[in-house]
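Engineer: First the structure, which I've put down as structure tokens, then a few questions once you've had a look.
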Amino acid sequence: MKQANGHLNKIWRDILIEIEKSVDSIVYNTYFKESTIYKITDNNKVLVKVDNNLQKMVFMEMIELIAEKTSIVLEEQYKVEVYNKDELDTLIGNQQETNKFMTLPLEIDLSDNIQSQYNFDNFVVGDSNKESHSAALASALSPGHFYNPLFIFGNSGLGKTHLLHSIGNYAKKHKNDLKIMYITSNDFITRVVDSFKKNRIEEFKQDMYKLDILLVDDIQFLAGKEKSHEIFFYIFNELVNNKKQIVLTSDKHPTEIKGLEERLISRFYSGLSVGLDSPEFEVAKAILDKKLELQMINPDNIDDEVLSYLATHFSKDVRKLEGALNRLIFYSINFADNDRITMEVATKAFHNQTSRERDTLSVESIKDSVATYYGLTVRQIDSKNRTRIIVNARHISMYLIRKHLDISFAKIGDEIGGRDHSTVVSAYDKIQKLLKKEASYQIAINEIERKMLNQ
Ligand code: ADP
Ligand code: MG
């Protein structure tokens, strides 16, 4: 009987050490590392506390492993139960169902199109992408089991394609009898058209039905392609009904893709939709480190100031961040005298670029940056809504437009839902005062400007 509650955390740490030996480090770090124990009961149950439902599902999937490790540490047979915060008080003792894996034998060999260079190991995780990363990893760990479909949306260059291939690579590595396919929606359309031409659409559908994991990239391009909608609808339903995993990506949330049939839209968000955002400064820097490592470049040859400069100016889009790093390396190899990459080299390498980027700033892009920052839409900023967060975002938009574009207060009023000149003036004054007084405003506005200036 090892009941002493004072030792609970120590016991859980010992169990975690055992678990860590048996699961992938990436799985361990994503789901287990921060988990906590709630209680060990007299009737040999260990109650584990998790932060969210996804973590809970992963734990449920591995419940036997956790129980086995617990039994090793406590030297007795124990059962494990997993609760999220809300359930803990009310649901103690509730039995959770255990799930079984579904696998099918390999029948035909479809080319999976999965690119091995994109995997979870070289995907840098931070606040901007941790939800998508965690959901993607879960779908690779137990395809068809958690959220289906998983819908990952986010602007260009934020890692959607990288995550899709990572799912494919991970699933391939850990369960070699799975049939997986990565396909872009454009490729899908081409294949549908082609199959119709050859009168082989049934075969095409039947082939797709055999998949265990279907990864469709940039589903927004399916918009307006009605024949493809229909075929995709069949394939989608067949796979989801048979608990086969579908992961879709798009540059927009399903409800915002115009030209898609309603029945598809509702299917697309019937599972889980997760968003990707631009990386924060630290993550952008960590991505740069990772890319240097992949290119086998010694980071000591680049001044930290330079990496900070890149992370500040190019982090809206990771593809651009990578491009900037490559440009810098190319420039320093070909044009700089010295082996070290200093700020002086960087300034020369980007001399023409930053000024061009500034020119792209517009009323719309500023409103968009503010809206994104506060999780709102531009339409809400323009609206008559008086909710505090919306009013605040509206005032910050007015302030930033005036500051960066120097257009008249009256014109700004026109551009933001037809407000009059004096409303804009007082909003501008208010934000200026708040900026002097409140650090939170400085942080928010710095962050919005940073993103705004490097689109
Ligand atoms: P998307 O499909 O969203 O347009 P990609 O997946 O093609 O974006 O990503 C663009 C580039 O940025 C790729 O080279 C990818 O490896 C890289 N990238 C994006 N996010 C990350 C990340 N979190 N860690 C490492 N590399 C990343
Ligand atoms: Mg992509």
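The values are calculated or read from the model by the stated rules, or taken from the named source; none is laboratory data. The model shown is predicted, which means the values in this text are computed figures rather than measured ones. For neighbour counting, all protein chains shown are included, and Cβ atoms are generated from backbone atoms with ideal geometry for every residue, glycine included.
Engineer: Just the residues that are farther than 21 Å from S185 by Cα and away from ligand 1 (no atom under 16 Å from the Cβ), please, taken from region 124-152.
Structural biologist: Residues satisfying the conditions are A138, L141, S142, H145, F146.
Engineer: Is it true that D207 is within 15 Å of ligand 1 (Cβ to nearest atom), assigned by TED's automatic domain parsing to the domain that holds L248, acidic (D, E) and more than 22 Å from the chain's Cα centre (by Cα)?
Structural biologist: No; evaluated as a whole, the condition is false for this residue.
Engineer: Still on this structure, please answer the following. Counting just the residues of region 153-191 that are under 18 Å from S116 (Cα atoms) and among the aromatic types (F, W, Y), which one comes out nearest to ligand 1 (Cβ to nearest atom)?
Structural biologist: Here the answer is Y182.
Engineer: Output the residue which, of all residues in region 294-319 that are within 11 Å of ligand 1 (Cβ to nearest atom) and surrounded by fewer than 20 Cβ atoms within 10 Å (Cβ to Cβ), is farthest from I152 (Cα to Cα).
Structural biologist: Of everything passing the filter in region 294-319, L294 is farthest from I152 (Cα to Cα).
Yes/no matrix, rows are residues, columns are (1) under 19 Å from G144 (Cα atoms); (2) crowded, with 16+ Cβ neighbours inside 10 Å; (3) among the polar types (S, T, N, Q):
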position	(1), (2), (3)
T36	no, no, yes
K39	no, yes, no
V46	no, yes, no
F59	yes, yes, no
A67	no, yes, no
E76	no, no, no
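Rundown of residues vs (1) of a type in the set (D, E, K, R); (2) surrounded by 22 or more Cβ atoms within 10 Å (Cβ to Cβ); (3) within 25 Å of K243 (Cα to Cα), yes/no style:
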{"position": "N119", "(1), (2), (3)": "no, no, yes"}
{"position": "F123", "(1), (2), (3)": "no, no, no"}
{"position": "N129", "(1), (2), (3)": "no, yes, no"}
{"position": "S132", "(1), (2), (3)": "no, yes, yes"}
{"position": "A140", "(1), (2), (3)": "no, yes, yes"}
{"position": "I167", "(1), (2), (3)": "no, yes, yes"}
{"position": "K173", "(1), (2), (3)": "yes, no, yes"}
{"position": "M181", "(1), (2), (3)": "no, no, yes"}
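Engineer: Taking region 118-160 on its own, how many of its residues are within 14 Å of ligand 2 (Cβ to nearest atom), among the polar types (S, T, N, Q) and in a loop (DSSP other than H, G, I, E, B)?
Structural biologist: Of the residues in region 118-160, 3 are within 14 Å of ligand 2 (Cβ to nearest atom), among the polar types (S, T, N, Q) and in a loop (DSSP other than H, G, I, E, B).
Here's the yes/no breakdown for (1) part of a helix (DSSP H, G or I); (2) more than 30 Å from G154 (Cα to Cα):
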residue: D337; (1), (2): no, yes
residue: V345; (1), (2): yes, yes
residue: V370; (1), (2): yes, no
residue: Q380; (1), (2): yes, no
residue: S397; (1), (2): yes, no
residue: R402; (1), (2): yes, no
residue: A410; (1), (2): yes, yes
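Engineer: Among the residues of region 424-439, write down those that are of a type outside the set (A, V, I, L, M, F, W, C), without any contact (Cβ under 8 Å) to a residue 24 or more places away in the chain and either assigned to a helix (DSSP H, G or I) or within 22 Å of S362 (Cβ to Cβ) (or both).
Structural biologist: S426, D429, K433, K436, K437
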